[in-house]
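Quick notes on the structure that follows.
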Amino acid sequence: GQQLNQSPQSMFIQEGEDVSMNCTSSSIFNTWLWYKQEPGEGPVLLIALYKAGELTSNGRLTAQFGITRKDSFLNISASIPSDVGIYFCAGPLNFGNEKLTFGTGTRLTIIP
Amino acid sequence: NAGVMQNPRHLVRRRGQEARLRCSPMKGHSHVYWYRQLPEEGLKFMVYLQKENIIDESGMPKERFSAEFPKEGPSILRIQQVVRGDSAAYFCASSPPPRNTIYFGEGSWLTVV
């Protein structure tokens with residue numbers, strides 16, 4: 001089945017640094033979604049991308065939908081302690097978003 | 001502005017008992033999804049329902065698991081005769097028609113002892 005690979009698996013950065021993570025697939029996706037999950041909570045949607053090449057921002061977060069439609073990246077600028085969590089990319093297994101497949105996650109830790 | 005509501009948040013069951021997890025979608029949402037997350041893994045799709053209909057249950061284990069979304073009331077994920085391997089976080093999500101981006105609840109953590 002379709003698989004989403006995220007890298008890096010984990011990141012340890014200092015507060016104030018920028019963060020970059022990406023997500024790749026062997027299959028084409030028509031939608032890319034980025035979620036953040038904190039311990040004991042459900043995933044929260046950060047950014048949704050619907051068109052190849054699209055670049056979308058949400059505050060300090062910026063995500064891009066790769067031209068090949070097989071990848072996406074998420075950047076966080078000037079990280080703050082509340083950015084800690086696991087970031088998942090996700091995409092629909094079929095048209096209409098009924099079934100999402102999730103990436104393996106990138107765990108972000110902020111070093112004070 | 002209630003989001004997707006799940007209960008219980010935490011549930012402990014002995015092996016062989018039944019677990020029932022409930023999900024109330026966001027207001028105006030008629031599509032409900034259930035996902036399972038094992039420790040240190042991403043979420044895995046289980047089932048997609050609309051009111052009174054199971055649309056896609058391709059991610060559900062063939063035995064012991066069932067889901068429903070009745071005309072009235074919450075969606076229910078039912079796990080019969082639980083085993084230790086069922087211990088996981090179960091997330092419900094909902095979306096409005098037509099099938100826009102889905103929003104997740106806070107999850108129900110099942111522990112089987």
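The values are calculated or read from the model by the stated rules, or taken from the named source; none is laboratory data. Since the model is a prediction, treat every value here as computed from it, not as a measurement. Glycine also receives a Cβ, built like all others from the backbone with ideal geometry; neighbour counts cover every protein chain displayed.
Among the strands (runs of 3 or more DSSP E) confined to the range B:1-106, the ones with at least 2 residues that are among the small types (Gly, Ala, Ser) and touching a Lys or Arg at 6+ places or on another chain (Cβ under 8 Å) are located at B:65-68, B:88-95.
If you go through the range B:30-68 and keep only what is closer than 22 Å to residue A:41 by Cα, of a type in the set (Val, Ile, Thr) and more than 10 Å from chain A (Cβ to nearest Cβ), you end up with just B:32. When the residues of the range B:45-74 are filtered to those that are under 10 Å from the mean Cα position of the chain (by Cα) and among the hydroxyl-bearing types (Ser, Thr, Tyr), the one that is modelled with the highest pLDDT is B:66. When we screen A:103, A:42, A:85, A:91 for residues that are crowded, with 19+ Cβ neighbours inside 10 Å, in contact with a strand residue (DSSP E or B) (Cβ under 6 Å, 6 or more places away or on another chain), within 14 Å of another protein chain (Cβ to nearest Cβ) and free of Cβ contacts under 8 Å to residues at least 40 places away in the same chain, the only hit is A:42.
Cβ-Cβ distances below 8 Å connect the following pairs, each with a first residue in the range B:47-74 that is farther than 18 Å from residue B:87 by Cα, a second residue that is acidic (Asp, Glu) and at pLDDT below 95, and a separation of six or more residues or different chains: B:48/A:98; B:48/B:56; B:48/B:57; B:55/A:98; B:56/A:98; B:69/B:52; B:70/B:52; B:71/B:52.
Restricting attention to the range A:45-69, which residues are within 15 Å of residue A:84 (Cβ to Cβ) and more than 14 Å from chain B (Cβ to nearest Cβ)? Within the range A:45-69, A:60, A:61 meet the criteria.
Tell me the residue from A:36, A:51, A:70 that is surrounded by 13 or more Cβ atoms within 10 Å (Cβ to Cβ), charged (D, E, K, R) and closer than 29 Å to residue B:4 by Cα, please.
The match here is A:36.
Of all residue pairs spaced 6 or more apart or on separate chains, none has beta-carbon atoms under 7 Å together with a first member in the range A:1-23 that is over 18 Å from residue B:41 (Cβ atoms) and modelled with pLDDT under 95 and a second member that is β-branched (Val, Ile, Thr) and in a loop (DSSP other than H, G, I, E, B).
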